[in-house]
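Undergrad: Dropping a structure here in structure tokens format, bear with me for questions.
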Amino acid sequence: MSAMDAYNALKTHLKEHAHLVSFSSLAEWDQETRMPKGAGDTRADMLGLMARLTHKMFTDKKVGDWISECEDSDIVANTDTIEAANIRELRRSYDRQTKLPKEFVEEEAKISSKAQQVWVEARKKSDFTLFAPMLEKVLDLTRRKAEYYGYEGEAYNALMDDFEPGATVTEVASVFDALRPDLVDLVGRIADAPRRPDIKIIKQPYDVNRQRLFSEMVAATIGFDFNHGRLDEVEHPFCTGFGPGDTRICTRFYPNDLGEGLTGTTHEAGHALYAMGHDDEQFGMPCGDVNSLGLHESQSRMWENQVGRGRAFWTYFFPQAQRIFRDALGDVSLEQMYHAMNNVTPSYIRVEADEATYNLHIMLRFEIERAMLAGDIKVKDIPAEWNRRFKNYLGIEVDKDSNGCLQDVHWAMGAIGYFPTYCLGNLYSAQFYAAARKALPQMDEQFGRGDFSGLLGWLRENIHRHGARYRAGDLCKKVTGAELSHKHLIDYMKEKYSEIYGI
Ligand code: ZN
């Protein structure tokens with residue numbers, strides 16, 4: 001078999017693998033949107049079987065042989081080609097999936113399932129001591145996992161690599177360290193600002209059917225293709241897809257809040273636009289997908305925040321919102337609406353946090369999980385350490401563990417190294433957006449007339465079509481001409497909030 005035959009065999013095999021994975025995603029989408037409650041056990045069996053089959057298909061020895069065959073050939077000679085990138089990323093995934101012993105994977109699944117149940121109970125009672133013994137076990141497992149994977153520097157690098165390939169703890173920490181003091185200062189000044197947006201504009205009765213209509217109109221206008229996608233309603237918003245031509249977004253609408261449903265839609269539509277922009281020809285291969293959660297989140301955050309909370313966006317959509325929600329918005333001005341969409345208030349819960357304070361929630365988690373993995377913070381000391389930092393960063397006292405270190409499920413799941421990708425997403429988003437503005441000086445004026453195709457086209461060309469061809473950090477350098485920096489995010493926030501809050 002020639003190396004090119006091996007490459008083509010890989011492509012065919014992995015396309016079939018991707019179709020099978022799509023069946024699982026379809027079953028999961030159905031589970032969240034349509035499935036009758038009583039079908040849960042059968043669905044779990046179906047998904048378990050499918051996970052086993054797809055894992056077996058991907059870790060098949062012949063896949064490893066095909067990858068090796070390509071690695072010994074001209075296919076990877078020029079590291080800048082799509083083919084070389086596919087082989088590089090396949091090697092990485094194949095090695096990671098085959099490095100963990102079967103018994104370890106089973107033990108991990110069991111402990112994580114148990115830890116999540118204990119966490120639910122501990123959170124309900126707001127009692128960290130109930131969860132602490134399980135967290136010790138999870139930590140022990142994740143340390144062992146890092147050893148199986150192998151790493152340079154800290155064990156945290158090995159774990160973060162599951163979510164953000166190529167990122168190192170040193171690089172992430174240095175960007176976060178640079179951002180933190182400026183952000184703490186900005187959030188503090190906003191808290192003391194005399195001028196505050198009237199958030200009652202957003203939080204008042206809004207007919208849910210009309211909200212759905214408005215959200216669909218917004219999604220379609222920014223470029224979500226309803227001929228190749230759907231919008232449905234769920235408890236927890238998400239985006240999924242079943243291969244080229246079928247991308248689904250799910251959001252939720254509240255009868256007394258316009259913001260949640262709308263920003264949920266622009267966020268998930270941002271993820272969807274990314275997926276819709278992948279190269280169909282590469283479906284099943286790494287360059288037809290993306291493996292960096294930070295990059296994915298950069299796209300959702302950009303449409304949610306930089307675009308969807310921006311003045312130019314509202315210049316176009318506000319008159320339409322006024323026509324649809326006459327009772328709520330009849331007497332509101334565009335300026336009041338824009339301000340209300342950009343309210344900043346420190347709060348306990350990460351998932352409810354605004355655009356500015358959100359990043360402080362993430363930095364705190366990154367620092368604590370890095371220290372606890374290294375053994376620098378003892379598990380029993382986590383609540384005190386959490387609360388101390390929270391007060392320093394956000395200026396408020398944590399009243400109970402369920403509002404503090406027990407609020408997120410990630411640690412119970414063993415997903416240590418996941419949190420930083422949320423903040424990386426915000427940082428990449430700001431840096432990409434600054435580059436897009438430079439390339440498209442007419443962008444705001446285009447948004448003001450409801451034309452978002454300039455930005456979408458720029459993202460398609462520079463980011464979407466590449467999939468996993470470049471690691472996130474390298475793509476950032478390629479697209480913006482510089483390494484990831486805190487500067488763009490803080491500049492963007494300072495500019496926006498100093499005007500809104502008069503600070
Ligand atoms: Zn997201």
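Undergrad: Would you mind finding the one in 402, 347 that is part of a helix (DSSP H, G or I) and open to solvent by 20 Å² or more (accessible area, probe 1.4 Å)?
TA: When all the criteria are applied, what remains is 402.
Undergrad: So which residues in the range 319-336 are under 13 Å from residue 206 (Cβ atoms) and touching a residue at least 12 places away in the same chain (Cβ under 8 Å)?
TA: Residues satisfying the conditions are 321, 324, 325, 327, 328, 329, 332.
Undergrad: Ok, one more. Go through (1) crowded, with 21+ Cβ neighbours inside 10 Å; (2) away from the ligand (no atom under 16 Å from the Cβ) for residue 228 and report which single condition fails.
TA: For residue 228, the failing item is (1).
Undergrad: What number of residues in the range 38-59 are touching a helix residue (DSSP H, G or I) at 6+ places or on another chain (Cβ under 8 Å) and closer than 22 Å to residue 96 by Cα?
TA: 9
Undergrad: Are any residues in the range 203-218 open to solvent by 10 Å² or more (accessible area, probe 1.4 Å) and in contact (Cβ under 8 Å) with a residue 12 or more places away in the chain, and if so, which ones?
TA: Our first condition is that a residue be open to solvent by 10 Å² or more (accessible area, probe 1.4 Å); within the range 203-218, this holds for 203-205, 207-210, 212-213, 216-217.
Across the range 203-218, the qualifying residues are 203, 204, 205, 207, 208, 210, 212, 213, 216, 217.
Undergrad: Can I ask one more? Mind checking which pairs have a first residue in the range 421-440 that is closer than 13 Å to residue 462 by Cα and a second that is part of a loop (DSSP other than H, G, I, E, B) and within 16 Å of the ligand (Cβ to nearest atom), Cβ under 8 Å, 6 or more apart or different chains?
TA: Sorted first by the residue in the range 421-440, then by its partner, the pairs are 432/463.
Undergrad: Return the pairs, sorted by first residue and then second, in which the second residue is open to solvent by 80 Å² or more (accessible area, probe 1.4 Å) and of a type in the set (Ser, Thr, Tyr), the first residue lies in the range 1-15 and is over 11 Å from residue 62 (Cβ atoms), the beta carbons are less than 8 Å apart, and the residues are 6+ apart or on different chains.
TA: none
Undergrad: When you go through 260, 268, 235 one by one, which is the residue that is surrounded by fewer than 22 Cβ atoms within 10 Å (Cβ to Cβ), assigned to a helix (DSSP H, G or I), within 16 Å of the ligand (Cβ to nearest atom) and among the charged types (D, E, K, R)?
TA: None of the others qualify; the one that does is 260.
Undergrad: From the list 376, 381, 354, pick out the single residue that is more than 16 Å from the ligand (Cβ to nearest atom), without any contact (Cβ under 8 Å) to a residue 24 or more places away in the chain and either part of a loop (DSSP other than H, G, I, E, B) or of a type in the set (A, V, I, L, M, F, W, C) (or both).
TA: Answer to the check: 376.
Undergrad: Would you check which residues across the range 88-121 are among the basic types (Lys, Arg) and open to solvent by less than 60 Å² (accessible area, probe 1.4 Å) and list them?
TA: In the first step, residues of the range 88-121 are kept if they are among the basic types (Lys, Arg); the result is 88, 91-92, 96, 99, 102, 110, 114.
Selection gives 91, 92, 96.
Undergrad: Something else now. From the list 294, 243, 288, which residue is open to solvent by less than 30 Å² (accessible area, probe 1.4 Å), modelled with pLDDT of 95 or more, within 11 Å of the ligand (Cβ to nearest atom) and over 26 Å from residue 449 (Cβ atoms)?
TA: 294
Undergrad: What are the residues in the range 204-218 that are within 18 Å of residue 308 (Cα to Cα) and hydroxyl-bearing (Ser, Thr, Tyr), if any?
TA: Across the range 204-218, the qualifying residue is only 215.
The values are calculated or read from the model by the stated rules, or taken from the named source; none is laboratory data. Predicted model only: the values in this text are computed from it and were never measured. Cβ sites come from the backbone with ideal geometry, for glycine too, and all protein chains shown count toward neighbours. Just so you know, the surface numbers come from the protein's heavy atoms only, side chains and all, with ligands and any DNA or RNA stripped out. Shrake-Rupley method; radii C 1.70, N 1.55, O 1.52, S 1.80 Å.
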